Amino acid sequence: MIDGQVVNASQQQWLTRDSSVGGWSNAVWNQVFAGVSGAPAQSFPDPPYTTLPTSPLSREKPFLYVDEAGGYRVFLPALRHDAVGVTWDREPAAGSSAPLERFFVARPSDSARTINRALSQGKHLLLTPGVYRLTDTIRVKWAGTVVLGLGYATLTPLRGVVPMTVADPRGVRIAGLLFDAGPVSSRVLLEVGGKHRGRTDPREPASVQDVFFRIGGAGVGRAATALVVNSDHVLLDHVWAWRADHGTGVGWTVNTADTGVVVNGDHVLATGLFVEHFQQYNVVWNGDHGRTVMFQNELPYDPPDQAAYTHHGVAGYAAYKVADGVGHHEAWGLGSYCFFDVDPTIRTAHAFEAPRRPGVVFHDLLTVSLNGAGVIEHVINDVGGPAQGADTVPVDVVRYPPGRARGAWG
């Protein structure tokens, strides 16, 4: 909640949701607003504001606090539909509270076995700051479990294990964690729901919030995929999956990672999805009735040549692919950039790939070639001209398929 004017300055893409502002000025490539009182009107691409009247579904992440008696508790904010504005301007805020005694308070010296024993007994999990080097998977078994990290507690797998899985995702809340890939490739870093999806409840979606994935950068890291969502009814809120383009342990054959996020479940909503530098598709969306509000992407910087970044005769990989069999999907405010600095002659056919059918709709997309290092030939499928040249000017597509009216929450 900001009473005064927000000066956006040089933010290229930005999401503000469930907020109140006195005013907003300036924009670069795309600024996205969902459920923001005082937000500028929809006007993409000039100025590049994407404004949705409400947030379709939101739930603030859990937080630790001290009650009036001096005891530690964790507040669990309630789910909101079609929200506008902040949750805390009126007392009491909607939600529930759990005493710290219901949590296992973990320290980096605790093993996955110790943590799993507590989870199997029905405890929630509070991970204190530090690096947890895991020789086994942390298994979140029960519906309604809260996993909350403080200080971006970091989970690093050893020997290629999967750091965390969620068996029954109904009402599970995972927040405030960094998954940092280890030197032996893991199949996935976080898997929500089993391969057969299991039971879900739209009244109690799972949520993954303020959760980051890092593959390389602090050392050699490898993973096939950062995040896999098998379950229906999941909320992804501020998720950043990053295959490192700089730092330690970085290189095309060093920090290997095919895909950032794979969504297999239906009715999954992402608000603020950031996925960068993966070596094949950055996002693959196989589930139906998926929605994304604001997506930011950079394609990998470091393919050694075009042959290494080509599949089935197609140049490059899309940043965001909706699978051919999907019947309904909708997304707002998406951007993808290229900076092929190892071989600036590399081209990619398009940044966004989706089936062309009435139920699949995109709003306010853009592509950019940073300093002319490479070319994105089209924005989505064969629509939109090439992003190229040293001027670093975005190529915009207001809607896809062309000519459709702006969609509503479905």
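Please go through the stretch 212-258 and give me each residue that is of a type in the set (V, I, T) and either within 16 Å of L177 (Cα to Cα) or outside any strand (DSSP E or B) (or both), ordered by number.
Correct list: I215, V220, V228, V239, V250, T253, V254, T256.
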| task | Considering only residues that are under 13 Å from the mean Cα position of the chain (by Cα) and open to solvent by 10 Å² or more (accessible area, probe 1.4 Å), look in the stretch 272-292 and name the one that is farthest from H328 (Cα to Cα). | result | E276
| query | Limited to the stretch 133-150, what total is found for residues that are over 23 Å from S96 (Cα atoms) and touching a Pro at 6+ places or on another chain (Cβ under 7 Å)? | reply | 3
| query | Has the stretch 41-48 got any residue that is more than 30 Å from L370 (Cβ to Cβ) and in contact (Cβ under 8 Å) with a residue 40 or more places away in the chain? | reply | no
| remark: Residue pairs qualifying under the 8 Å Cβ cut-off, at least six apart or on distinct chains, with the first in the stretch 126-143 being touching a residue at least 12 places away in the same chain (Cβ under 8 Å) and at positive phi and the second being open to solvent by less than 20 Å² (accessible area, probe 1.4 Å) and not hydroxyl-bearing (S, T, Y), are G130/A153
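Okay, residues lined up against (1) modelled with pLDDT under 95; (2) of a type in the set (A, V, I, L, M); (3) under 26 Å from the mean Cα position of the chain (by Cα):
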| position | (1), (2), (3) |
| --- | --- |
| S97 | no, no, no |
| E101 | no, no, no |
| V105 | no, yes, no |
| P108 | no, no, yes |
| A112 | no, yes, yes |
| K123 | no, no, no |
| T128 | no, no, yes |
| R133 | no, no, yes |
| query | Is it the case that L334 is in contact with a Pro (Cβ under 7 Å, 6 or more places away or on another chain) and part of a strand (DSSP E or B)? | reply | no
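Quick grid of which residues meet (1) open to solvent by less than 10 Å² (accessible area, probe 1.4 Å); (2) touching a Pro at 6+ places or on another chain (Cβ under 9 Å):
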position	(1), (2)
H233	no, yes
D237	no, no
W242	no, no
D245	no, yes
G249	no, yes
N255	yes, no
G260	yes, no
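Filter the strands (runs of 3 or more DSSP E) completely within the stretch 148-206 down to those with at least 2 residues that are closer than 19 Å to H267 by Cβ and either in contact with a strand residue (DSSP E or B) (Cβ under 7 Å, 6 or more places away or on another chain) or open to solvent by 10 Å² or more (accessible area, probe 1.4 Å) (or both).
173-180, 186-192
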| In the stretch 362-396, the residues that are part of a strand (DSSP E or B) and open to solvent by 10 Å² or more (accessible area, probe 1.4 Å) | V375, E377, H378, V383, V395, D396
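The values are calculated or read from the model by the stated rules, or taken from the named source; none is laboratory data. Keep in mind that this is a model prediction, so the values were computed, not measured. Note: ideal-geometry Cβ built from the backbone for every residue, glycine included; neighbour counts use all protein chains shown. Accessible surface areas use protein heavy atoms only, side chains included; no ligands, DNA or RNA. Shrake-Rupley method; radii C 1.70, N 1.55, O 1.52, S 1.80 Å.
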